[in-house]
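Read the structure below first, then the notes.
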Amino acid sequence: MKNGKNFTQTYPTKEYKEFLERFKEATEEQSWQFERAADIKIVFNAFFSNRASDLDNILKPSLDALQKVFEWNDRYCYEIEAHKHLVKRGEEKLEINIEQICRQ
């Protein structure tokens with residue numbers, strides 16, 4: 001316990017570190033096109049070769065990677081769409097589209 005509250009310390013796994021490195025490599029030619037505090041919508045298109053793959057498992061690691069790579073804070077993400085597509089083995093990929101939105 002820390003200050004009377006439960007406290008859990010987690011450490012990045014080897015798999016997460018590898019994912020983050022692959023993410024950095026895949027986005028090295030990309031740049032953040034928005035103001036840091038702009039309201040953002042992110043659309044994930046996940047292409048899985050296994051029907052049993054869980055779509056939601058890509059969200060948190062991808063948001064964390066976006067924050068690390070582009071030095072952006074996901075508190076400015078107001079909308080998320082996620083789509084699962086089935087493809088042949090070897091054609092798996094993740095597409096991430098980011099757009100600025102106008103909120104009222």
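The values are calculated or read from the model by the stated rules, or taken from the named source; none is laboratory data. What you see is a predicted model; the values in this text were computed from it and never measured. Because the Cβ atoms are built from the backbone with ideal geometry, glycine has one as well, and the counts that use them run over all protein chains shown.
Structure notes:
- Single condition Ala46 does not satisfy, out of (1) free of Cβ contacts under 8 Å to residues at least 40 places away in the same chain; (2) surrounded by 14 or more Cβ atoms within 10 Å (Cβ to Cβ): (1)
- Candidates Phe7, Phe19, filtered to the one that is at pLDDT below 95 and in a loop (DSSP other than H, G, I, E, B): Phe7
- All positions within the range 57-76 that are in a helix (DSSP H, G or I) and more than 16 Å from Phe19 (Cα to Cα): Asp74, Arg75, Tyr76
- Candidates Arg75, Arg89, filtered to the one that is among the basic types (Lys, Arg) and either surrounded by 11 or more Cβ atoms within 10 Å (Cβ to Cβ) or in contact with a Ser or Thr (Cβ under 6 Å, 6 or more places away or on another chain) (or both): Arg89
- Tally of residues being in a strand (DSSP E or B), aliphatic (A, V, I, L, M) and under 18 Å from Cys102 (Cα atoms) across the range 35-56: 3
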